[in-house]
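Structure first, commentary second.
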Protein chains: 2
Amino acid sequence: MELQLPAVQCSSQRKPPSPCPHPVVYCSHSQPNRLVAGNASPDVLQQIKAFPALQPARALRDTGIAAVLLMDAQIDHTTGLLMLREHRQKLPLYCHTLVREDLSTGNPLFKVLEHYCGIDWQELHLQKTFQVPSLSGLEFEALPLISNAPPYSPHRDKPQPGDNIGLSVKDQTSGKTLFYAPGLAQIEPHVWKAMQEADCVMVDGTLWTDDEMISLGASKKTSRAMGHMPQSGAEGMIEWLDKLPAHVRKVLIHINNTNPILDEISPQRQTLTAHGIEVAFDGMEIEL
Amino acid sequence: MELQLPAVQCSSQRKPPSPCPHPVVYCSHSQPNRLVAGNASPDVLQQIKAFPALQPARALRDTGIAAVLLMDAQIDHTTGLLMLREHRQKLPLYCHTLVREDLSTGNPLFKVLEHYCGIDWQELHLQKTFQVPSLSGLEFEALPLISNAPPYSPHRDKPQPGDNIGLSVKDQTSGKTLFYAPGLAQIEPHVWKAMQEADCVMVDGTLWTDDEMISLGASKKTSRAMGHMPQSGAEGMIEWLDKLPAHVRKVLIHINNTNPILDEISPQRQTLTAHGIEVAFDGMEIEL
């Protein structure tokens, strides 16, 4: 299994990630042109341009995206669906029924897309393994997470299982497993189990401190209230990641542009490095 | 008046424009941080990053965007509004009432944004000059155009005045005028008058031939049926632009990625050059 965070900047240098999360692409070696994008961020077209495997050019308006898997119904994770509207057939989209509901009512992308390629919805059931057709060799499992639904959801501030998920992806050949969760406010026992069983965890790196947005005057909510466990402090992400087995690769994703870890020479970044925690960047590649 | 097509690629080389249209920014010299973005394309955040005047950084989450003016309700011209949702106050947005209707029903961005910054809607009346507060010295006028409403509009294929507009922008100090129309299927007498009176026209450069998308198997519609006058052929854009006074600067925008003029050494591009017609590119600057 190969994971890519496609670059959206045409620089050969390593760049810190943009504030918007990027889709993680699960790529099977035997099927280099059959990929799954995790979430659909607004800059998905730049990602397709920047990542050759996402544009096999077998036909006009072709992409290598076999399916999109949504973790939630947030704007930054779903707006890219509009950019994929010229897909040659219905776009295979995996998400929980609550996410589909939010995307059919409060922010009705499903309805808008009916005027274009349309959506081939595949229901994501919690804690049941599944495969994506045409992408054999990878086994997926959606895990419910405590985070928050978007402001246009009837469940905003009243989280329900399925509003937010994390994803376990197992390569059936190598036996290696990825755990992916861009939004993660609490680590419940079933999540902790999945993290411990993974070979690589890519988890919520939104904010450094719990009051980061409050102290900047950008929000009245703490990081945890917004659905994101901060890295620092008691019961923070660093404390959790420290408890993982030593062989587990630890990567933070979904970094907010206020987070000091984006600065490679910041003391906060050095703290992460000392704890063996990486920060994702545009163009990052991980092989499992 | 200064016009910018902010670069979305971090290259110092001239690049052809992306298939997505970019906002044109009208910038008054005396007010360098008070700008108006024409349309809000999905990559508006990259544009803000790439163009210093769009990020004056007077405060957190500040932008230099004084207002957004929408030409129509198309996805590629409006999705960027979602990316501006963290604006510190309601986002000043000028559009026709029919566009507002499409963006409140078929693709209800107005409703989605109510959960974030909200929209301070300013109605665009056709063929009446107006000014944008906090941006003195520029006079705007919206002109109805024959093009097409988006697929989610009740007026799709039944154009009504206001579904699509062109914009005249006059610098009251220099007296110079821009005419801007990213979607233009027919040049009616009032549009032709505005084009003749302009010092620079930035007009629809979507497709080279009327059957371009049909011959590629990408659509069953001609260019004109999609609301875009092709460049070549009888009554095409080149013929029209040839009739303009010699001093008028002629720039094509909104270029589709199938259009051969994107290739700088193509015969089609050479034809344009021979006719004194420019092709817009990321990072282009025009001073009037």
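The values are calculated or read from the model by the stated rules, or taken from the named source; none is laboratory data. None of these values were measured; they are calculated from a predicted model. Glycine gets a Cβ as well: all are built from the backbone with ideal geometry, and neighbour counts include every protein chain shown. Protein only, heavy atoms only, side chains kept; ligands, DNA and RNA dropped before computing areas. Shrake-Rupley method; radii C 1.70, N 1.55, O 1.52, S 1.80 Å.
What is the dipole size for the stretch B:78-129, taken about its Cα centre, with +1 at each Lys and Arg Cβ and -1 at each Asp and Glu Cβ, in debye to the nearest 20?
Taking the Cα centre of the stretch B:78-129 as origin, the dipole is about 120 debye.
Run down the aspartates and glutamates and flag those whose C-alpha is under 12 Å from the C-alpha of residue B:170, throwing out any fewer than 8 positions away in its chain.
In chain and number order, the partners are B:2, B:139, B:141, B:197, B:199.
State, in angstrom, two size descriptors of the stretch A:171-241 derived from its alpha carbons: Rg to one decimal place and Dmax to the nearest whole number.
Rg, Dmax (Cα atoms, Å): 14.0, 49.
What is the distance in Å between the Cα centres of the stretch B:189-219 and the stretch A:153-194?
Taking the Cα centre of the stretch A:153-194 as reference, the centre of the stretch B:189-219 is 48 Å away.
Which listed residue (A:109, A:121, A:135) has the Cα farthest towards the positive end of the charge dipole for the stretch A:101-197, taking +1 on Lys and Arg C-beta and -1 on Asp and Glu C-beta about the Cα centre?
My answer, from the dipole projection, is A:135.
With the Cα gyration tensor of the stretch B:66-182 in hand, convert its eigenvalues to equivalent ellipsoid semi-axes via √(5λ) and list them largest first in whole Å.
Semi-axes from the Cα gyration tensor: 23, 20, 10 Å.
Please report how far the C-alpha centroid of the stretch B:232-288 lies from that of the stretch B:117-141, rounded to the nearest whole angstrom.
That distance is 29 Å.
Every other copy gets compared here: list the nm distances from the residue B:134 label point (7 Å along Cα to Cβ) to its counterparts, shortest first, one decimal.
Spacings between copies for this position, smallest first, are 4.7 nm.
Within the accessible area of the stretch A:154-288, what % is carbon and sulfur when the probe is 1.4 Å and the other protein chains stay in place?
On the stretch A:154-288, the fraction of accessible area on carbon and sulfur atoms equals 51 percent.
In terms of Cα to Cα distance under 12 Å, which aspartates and glutamates are near enough to residue A:243, apart from those fewer than 8 places away along the same chain?
A:235
So which of A:193/B:49; A:90/A:250; A:193/A:221; A:221/B:111 end up more than 31 Å apart by C-alpha?
A:193/B:49; A:90/A:250, as the Cα separations exceed 31 Å there.
How many nanometers, to one decimal and shortest first, lie between the label point of residue A:172 and those of its other copies, if labels sit 7 Å from Cα toward Cβ?
Label-point distances to the other copies, shortest first: 7.1 nm.
Loop-only check: which trypsin sites (Lys or Arg not before Pro) in the stretch B:210-270 are DSSP coil with at most 13 other Cβ within 10 angstrom?
Answer by residue number: B:220, B:243.
Summing both sides, how much accessible area is buried between B and A? Use a 1.4 Å probe and give Å² to the nearest 100.
2500
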